[in-house]
Amino acid sequence: MDINPTDEQRLLRDSVERFVADTYTADLRRRNAGEPAGFSADTWRRFADLGWLALPIDPAHGGLGGGAVETGIVMEAFGRGLVSEPYLATVILGAGLVAACGSETQKQAILPEVAAGKLHLAFAHSERAARFDLATVETLARRTPEGWRIDGHKIAVLDGRAAGRIIVSARLAEEDGRPLALFLVAPNAAGLTMRDYPRLGGGGACNIDLADVRLAPDAHLGEVDPSPDSLEAIETVVDRALAALGAEAVGMMQAVLDRTLDYVKTRQQFGRPLAANQVVRHRLVDMSVRCEEARSMALRAALMASAAPRDRSRAASGAKAKIGKCAQFVAEQAVQLHGAMGVTEELDIGAYFKRLLAFETLFGGSSHHYRRHAALGRAAGATG
């Protein structure tokens, strides 16, 4: 397998890295944190103009037809700049679910709007009892003469406040086996209550209560009769999100390493730079090794994004678990090598540290994904 980037991928990497380096500063991040949605609407429009929002969307629906590797290139550069715009929530999760489950009419209505930067999406799936198990959903949907009624509770909905449509997962209470379905819900729907909170390291999330939320018949994402179970599509899209998050974490880790290396070269202690200390050099080497390990795992997860479901999921969970441990090591070493300055607002290191801590909890931490990876391996052995 040739894993060298193509000319188009190199150009994409260069353009995104240049944009992030020129645009994203500590001042911009502080301004974005003060925005109602937690990010800059003007920057989002520039993403659309540059084609990044259309990147993974099919050309038949206004996109460019890029794959998980191209998405990973964008996300790694975003990680370097601590980009707070809702690329994961809208483009990878939201548009990915519409592409996987939506009818052709829904795809034509939604995906071009996403690609043009005119519509934000959010995915409301996690629940308190689930403990990161994607199959555990207690929210219920029932048919009514006018369409649908949904009741339930969702937590940790990424960038829900900014969304023009929220994709809500629910069990079809009146069908055999209670299959899992997806519904398009407006954030201002009667009966929907949203409680916002800032995410550690930037961006926003919310918890959502759905009490007798009434929806039109066409709010169901995809075919209704028969209604296929959407769990497989959810697992596919979340696995691709894990690969993208891994690439973003790699970008953050590399930025942390670069800043730490610059710091120890200039910080004087006992009349010489910290970098002259052999123990410090060993720590920097260990940090560099962890960055390369994480980069290889993120690339593997991206390359396996279109593989058979079990192989794809094992690669995604393996990457999430390994990168989580590597990210924790790199972040902690960087803070320690910066001394007390590592956790202050004056330096970027503290912001990267917070975002890498948040990475560990998104869609399950390392311990959860080690267990998932092992269970998938046992299942493969049993069927092999």
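Going by how many other beta carbons lie within 10 Å of each one, how would you line up ASP58, ASP14, ASP225, fewest first? Present the calculation step by step, with values, prior to reporting the outcome.
Details: ASP58 16, ASP14 12, ASP225 5.
Placing the least packed residue first, the sequence is ASP225, ASP14, ASP58.
If you stretched the chain out fully between GLU8 and SER306, how much longer would it get, using 0.36 nm times the residue separation minus the C-alpha to C-alpha distance? Can you show the working numbers first?
Working: separation 298, 0.36 × 298 = 107.28 nm, distance 2.00 nm.
Using 0.36 nm per residue and subtracting the Cα-Cα distance, I get 105.3 nm.
Among the aspartates and glutamates, which fall within straight-line cross-link reach of LYS354, defined as a Cα-Cα distance under 12 Å, with same-chain neighbours fewer than 8 residues apart omitted?
Straight-line reach from LYS354, under 12 Å: GLU332, GLU345.
Roughly how many debye, to the nearest 20, is the charge dipole of the stretch 123-228 about its Cα centre, given +1 on each Lys and Arg Cβ, -1 on each Asp and Glu Cβ, and no other charges?
Magnitude of the dipole: close to 400 debye.
What helices does the chain hold that run 18 Å or longer along their axis, going by alpha-carbon atoms, with a Kyte-Doolittle average of 0.5 or more, using DSSP H for the helix calls?
Flagged H segments are 68-81, 231-266, 349-361.
Quick check on the exposure proxy: order HIS338, HIS220 from fewest to most C-beta atoms within 10 angstrom.
HIS338, HIS220
What is the distance, in nm, between label points placed 7 Å from the Cα along the Cα-to-Cβ direction at ASP133 and at GLU104?
Taking the simple label geometry, ASP133 and GLU104 are separated by 3.9 nm.
Counting other C-beta atoms within 10 Å, which of GLU76, GLU104, GLU360 has the fewest, and how do the rest follow?
By the 10 Å Cβ count, ascending, the order reads GLU104, GLU360, GLU76.
Modelled label-to-label distance, GLU346 and ALA41, 7 Å Cα→beta-carbon offset: nm?
Here the modelled spin labels are 3.7 nm apart.
If you count the DSSP beta bridges with both ends in the chain, what percent of them are antiparallel, to the nearest 5?
Numbers: 29 of 35 bridges.
If I count the DSSP bridges inside the chain, around 85 percent turn out antiparallel.
Which value in deg cm²/dmol, rounded to the nearest 500, describes the helix-derived mean residue ellipticity at 222 nm for the chain, given -39,500 (n - 2.57) per DSSP H run of n ≥ 4 and division by the residue count?
Counting only the DSSP helices, I get -16500 deg cm²/dmol.
Classify the stretch 1-108 as rounded, prolate or oblate from the Cα gyration tensor: take a ≥ b ≥ c as the square roots of its eigenvalues, call it rounded if a/c is under 1.5, otherwise prolate when a/b beats b/c and oblate if not.
Oblate shape, in that a/c is at least 1.5 and b/c is the bigger or equal ratio.
Which pairs, out of LYS154/LYS325; LYS265/LYS320; LYS118/LYS322; LYS107/LYS322; LYS107/LYS325, put more than 30 Å between their alpha-carbon atoms?
Numbers: LYS154/LYS325 28 Å; LYS265/LYS320 32 Å; LYS118/LYS322 36 Å; LYS107/LYS322 35 Å; LYS107/LYS325 38 Å.
Listed pairs above 30 Å: LYS265/LYS320; LYS118/LYS322; LYS107/LYS322; LYS107/LYS325.
We did not get these values from a lab; they are worked out from the coordinates using the rules stated. None of these values were measured; they are calculated from a predicted model. Virtual Cβ from ideal backbone geometry, glycine too; neighbours counted across all protein chains shown.
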